[in-house]
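Presented below is the structure to which this report refers.
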Amino acid sequence: MEQSVYASVEYPAACQDCGAQLECWGVQALVNGSLRWDVECACRACGFSVAVCGGDLPGELRDRILEEHGTVRFLVEPPAGNVAIMRVLRAELGIDLTEAKAVLGRVLAGDYSGTLPEVELLARRLRAAGIETVSARDQGMSRARSGPTAG
Ligand SMILES: [Zn+2]
């Protein structure tokens, strides 16, 4: 079983019922090979609570995660097969050939980045296709090799 990857963030919001401060907890996760997200908010003043999930990751939550955890850069190790990479990009991102070429250019230039679960998902798919990848957080400048731990 693949290891799950999470990026979570806590943030305040205003309670829609009483106007007090809501405590919100947002999570994006890579679980069993797919990305999911959910947000839970609770108000201590009036007990209002809400949980939201499903569909595409909301831009606001993605921004918060990137702000909290930093962007993760994504690189392929040369020599990499461009055709194989584009095939994975098209399948995983649901994009056409033209868009895949543009994304490939960013990957090869070391300019493709996203949240940890997003980057990890692509990295795993590429590794499954035989392409070694390296991911590194923009914060800290430490290059962390994200190869498989076994086999
Ligand atoms: Zn409230």
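Read-outs throughout are calculated quantities, based only on the coordinates presented, and are distinct from any laboratory measurement. The shown structure was predicted, so the numbers you read here are calculated from the model rather than taken from an experiment. So basically every Cβ, Gly included, is an ideal-geometry build from the backbone, and we count neighbours across all protein chains shown.
Peptides 5-11, 114-120 ranked from most to least packed by the mean count of surrounding Cβ atoms within 10 Å: 114-120, 5-11. Taking the Cα centroid of segment 44-95 and of segment 100-141, what is the distance between the two, rounded to the nearest whole Å? So the separation of the two Cα centres works out to 11 Å. To the nearest ten degrees, helix 97-108 and the longest principal axis of the Cα atoms of the chain are 90 degrees apart.
Each residue of segment 1-135 gets 112 Å³ once the volume of the Cα convex hull is shared out per residue. What angle, in degrees between 0 and 90 and rounded to the nearest 10, separates the Cα long axis of helix 59-69 from the longest principal axis of the Cα atoms of the chain? With both axes taken from Cα atoms, the answer is about 80 degrees.
Counted over segment 72-145 with a bin width of 10 Å, the fraction of Cα pairs per bin, in whole percents, is 20, 60, 18, 1.
A simple spin-label model places the labels of ALA129 and LEU97 1.5 nm from each other, with each point 7 Å out along Cα-to-Cβ. In the chain, a dipole from Cβ-located charges (positive for Lys and Arg, negative for Asp and Glu) runs towards its positive end, and of PRO12, VAL52, LEU30 it is LEU30 whose Cα lies farthest in that direction. Taking every C-alpha pair closer than 8 Å and separated by at least 6 residues, the mean separation divided by the residue count of the chain gives a relative contact order of 21 percent. Which one, LEU97, SER113, ALA84, is farthest towards the positive end of the dipole of the chain when Lys and Arg carry +1 and Asp and Glu -1 on their Cβ? Selected residue: ALA84.
Among the chymotrypsin sites (Phe, Trp or Tyr not before Pro) in segment 30-99, which ones are in a DSSP loop with at most 15 other Cβ atoms within 10 Å of the Cβ? Mind listing them? For chymotrypsin sites (Phe, Trp or Tyr not before Pro) across segment 30-99 that sit outside H, G, I, E and B with at most 15 neighbouring Cβ atoms in 10 Å, the list reads PHE48.
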